[in-house]
Amino acid sequence: GFNSDRKKLGSVGKPISTLLVKIINEHNETVEAGETGEVVLGGPCIMKGYYKNSEATQTVVKTDEDGIRWLHTGDLGYLDEDGYLFITGRRKHLIILPGGKNVNPELVELALSQAEYIEELIVVPGSQKSPAGIEQEAVKAVVRPAWDRIQADTNLSRRDLMNQPDELKNLVWQSINKCQTGSQELASFEKVPSRHLVEIEIKEFEKTSTGKIKRSSYVGAGQARR
């Protein structure tokens, strides 16, 4: 558990005295304060394992050379210099780019949600061809447009915009590109690289019971819903 009496904004708090927390990279190395990686929990209070499923247990609970059992949570996050834990996303959602760079889609979503013509969006793995013609994973944005703002600026009705999909996509792309160009939160490789990696979602996004966009419905779904 985590102490909740004194929290920093956005933090889940500091771990209690019986809980060990560390952040590791893809090489299972502990990273410095402020660096993002997988959140790993250790100590006597972590779960013993999955009921009657030792194979699944071995994938997430591992014992180190000192005999400490560590639970690999699958959460991404970082510890600040004061020991407060911040959760930034899920490891399984990472977009892996050529060269091994990892993109946390939830951080990109947070930055691009400020774009003027975006009502909601989700960032998922897309595909684009390299100069050699090889298909490679890329950052893709699936966007539900902010219809009212676009209509106010263009004097076009929603029907007009839907009948001009290329124009609508151009407007949304320009809004995204303006936002990410001015963003200090995104590295160059975390940005949506072109309008071809923007997909317009006309309908409401499918949501989970907690109101979050159902990510699994939009990963690898292509252009079928446009």
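The values are calculated or read from the model by the stated rules, or taken from the named source; none is laboratory data. These figures come from a predicted structure and were not determined experimentally. Methodologically, a virtual Cβ is constructed for each residue, glycine included, from the backbone with ideal geometry; neighbour enumeration extends over all protein chains shown.
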Item to check | Condition broken by I150, with the remaining ones in (1) modelled with pLDDT of 90 or more; (2) more than 18 Å from V108 (Cβ to Cβ); (3) surrounded by fewer than 19 Cβ atoms within 10 Å (Cβ to Cβ) satisfied | outcome: (3)
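Among the residues of segment 106-124, what is the count of those that are outside any strand (DSSP E or B) and within 14 Å of P193 (Cα to Cα)?
Applying the first criterion (outside any strand (DSSP E or B)) to segment 106-124 yields 106-117.
Subsequent filtering for residues that are within 14 Å of P193 (Cα to Cα) retains 108, 112.
Matching residues across segment 106-124 total 2.
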Next on the checklist: Could you tell me how many of the residues in segment 125-152 are under 23 Å from K191 (Cβ atoms) and assigned to a helix (DSSP H, G or I)?
Outcome noted: 2
Checklist entry - Which one of S188, S175 is surrounded by 13 or more Cβ atoms within 10 Å (Cβ to Cβ), of a type in the set (S, T, N, Q) and within 19 Å of A111 (Cα to Cα)? => result S175
Item to check | Members of segment 200-216 that are outside any loop (DSSP other than H, G, I, E, B), at pLDDT 90 or above and under 17 Å from the mean Cα position of the chain (by Cα) | outcome: K207, I213
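Table: residues versus (1) of a type outside the set (A, V, I, L, M, F, W, C); (2) surrounded by 15 or more Cβ atoms within 10 Å (Cβ to Cβ).
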{"position": "V124", "(1), (2)": "no, yes"}
{"position": "V139", "(1), (2)": "no, yes"}
{"position": "P145", "(1), (2)": "yes, yes"}
{"position": "S157", "(1), (2)": "yes, no"}
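Limited to segment 29-70, what total is found for residues that are farther than 18 Å from L85 by Cα and in contact (Cβ under 8 Å) with a residue 24 or more places away in the chain?
Residues in segment 29-70 being farther than 18 Å from L85 by Cα and in contact (Cβ under 8 Å) with a residue 24 or more places away in the chain: 4 in total.
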Next on the checklist: Within segment 181-191, does at least one residue satisfy the condition of being assigned to a loop (DSSP other than H, G, I, E, B), of a type in the set (S, T, Y) and without any contact (Cβ under 8 Å) to a residue 60 or more places away in the chain?
Outcome noted: no
Checklist entry - On the given criteria, is L156 out of contact with any Pro (no Cβ under 8 Å at 6 or more places or on another chain) and part of a loop (DSSP other than H, G, I, E, B)? => result yes
